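Heads up, the thing below is written out as C-alpha cells.
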Amino acid sequence: MRPIVFLHIPKTAGQAIHHELTRCVGKRNVSPIRVHSAVPNGTTNLPQGYLLHSGHIDWPDIDTLPADRFVFSVLRDPLERIASFYFYILKEAKALSPQELASPQQTGKRISLTHSVDDYFFGGDPGWQRFILDHYDNFYCSYFATQMMRGRHKLQGLSAEEQITQAAAGARGINAIYHIDDLAALEADALRELGLTIHIAGNYANAGPHTRSERRWPKLVERLERDDSVARIEGFATRDYDLMRRLGLPT
C-alpha cells in the first residue's frame, strides 16, 4: 500500500478522517506522532516504517517518505474554522476542573473561560499573542508556505502576495486538498488511489457545541464587544480566502 500522509488542520473533520484511515490500515501501521509539539525540535514528524501519518504535524522532510506517498489535507471556510476552533476550546475548558484549568498546559482553555472573546484574541502578553497569531492568523497560508504548524515567523518580511504565492506552491506540491463540504471527493480518491473504502462525508468526530449545519462565525460575532474586533478577526482570513480561490476551492 502507498504511504498516506494526512495533514490535519484543526477543526476540519480530521478526527473522523483519521479514525477511518486507521480502521483501514490497522493501528499498528499508524505513526504515533499526532501533534508536532510531541517531538523534540529537529526531530522528524514523519518517522519511517508506517503506512499512515496523520495529525497536526510538520512536514518539511516529506521527501524522506517513499515517492508514491499520497499526501492530502482538508480546508473549510477560514472564518468558520476560526470560530469553530474557539468554541471547541471553550467547550473543552468548561469540562475541566479548577485544578486542571490551573495547569500551564491549559492556558488557552483557561483564558477562553476567564476573558471576553475580544481579549482572548487580542489581549494577553506577547507569548499569548504569538499563540493566537500562529493558530488563527491566515493559518492555511502559513502552514502550506512553511510546512510547519507554527511556521508563521518564517514569513516575516514577505508581502501578502508573496506569502500567498509561496503557500499556493506548497499546496500544489501535495496530492490533493479537499473542501470539508465535499468529502465525498476524498472517499472517491481513497478508493481510486489507495484501494480503500472509507465513510467520511457527514461523519464528524470531536465536534464542537454546535450542530453541523450551524454557522459558527455569526455566533462568534455576536459575542464580540469592541467595534474593531470583527474587522481584525476578518483580517485573519483574507490571505486564506485568496489562497483557496487560487486552489479552486469554494469560499
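Flag not set for residue 178, criterion: among the hydroxyl-bearing types (Ser, Thr, Tyr), out of contact with any Pro (no Cβ under 9 Å at 6 or more places or on another chain) and at pLDDT below 95. Condition check: more than 21 Å from residue 152 (Cβ to Cβ), at pLDDT 95 or above, part of a loop (DSSP other than H, G, I, E, B) and not aromatic (Phe, Trp, Tyr). Does residue 96 satisfy that? Answer is yes for this residue. Looking at the structure I just gave you, is residue 124 of a type in the set (Gly, Ala, Ser), outside any helix (DSSP H, G or I), more than 16 Å from residue 85 (Cα to Cα) and out of contact with any strand residue (DSSP E or B) (no Cβ under 9 Å at 6 or more places or on another chain)? In short, yes.
So which residues in the stretch 91-138 are under 20 Å from the mean Cα position of the chain (by Cα) and in contact (Cβ under 8 Å) with a residue 40 or more places away in the chain, if there are any at all? If the condition is that a residue be under 20 Å from the mean Cα position of the chain (by Cα) and in contact (Cβ under 8 Å) with a residue 40 or more places away in the chain, then 91, 121, 135, 136, 137, 138 are the ones that fit.
So which residues in the stretch 46-97 are small (Gly, Ala, Ser), buried (at least 18 other Cβ atoms within 10 Å of the Cβ) and more than 18 Å from residue 35 (Cβ to Cβ)? So that I can check it myself, show each step before the final result.
Of all residues in the stretch 46-97, those small (Gly, Ala, Ser) come to 49, 54-55, 67, 73, 83-84, 93, 95, 97.
Right, trim to buried (at least 18 other Cβ atoms within 10 Å of the Cβ) and you get 54-55, 73, 83-84, 93.
Scanning the stretch 46-97 gives 83, 84, 93.
The number of residues in the stretch 1-17 that are touching a strand residue (DSSP E or B) at 6+ places or on another chain (Cβ under 7 Å), surrounded by fewer than 20 Cβ atoms within 10 Å (Cβ to Cβ) and part of a helix (DSSP H, G or I) comes to 0. On the basis of being surrounded by fewer than 13 Cβ atoms within 10 Å (Cβ to Cβ), modelled with pLDDT of 95 or more, in a loop (DSSP other than H, G, I, E, B) and under 19 Å from the mean Cα position of the chain (by Cα), does residue 32 make the cut? In short, yes.
The values are calculated or read from the model by the stated rules, or taken from the named source; none is laboratory data. On a predicted model such as this, the values are computed, not experimentally measured, just so you know. Using ideal geometry, Cβ is built from the backbone for each residue, glycine included, and neighbour counts are taken over all protein chains shown.
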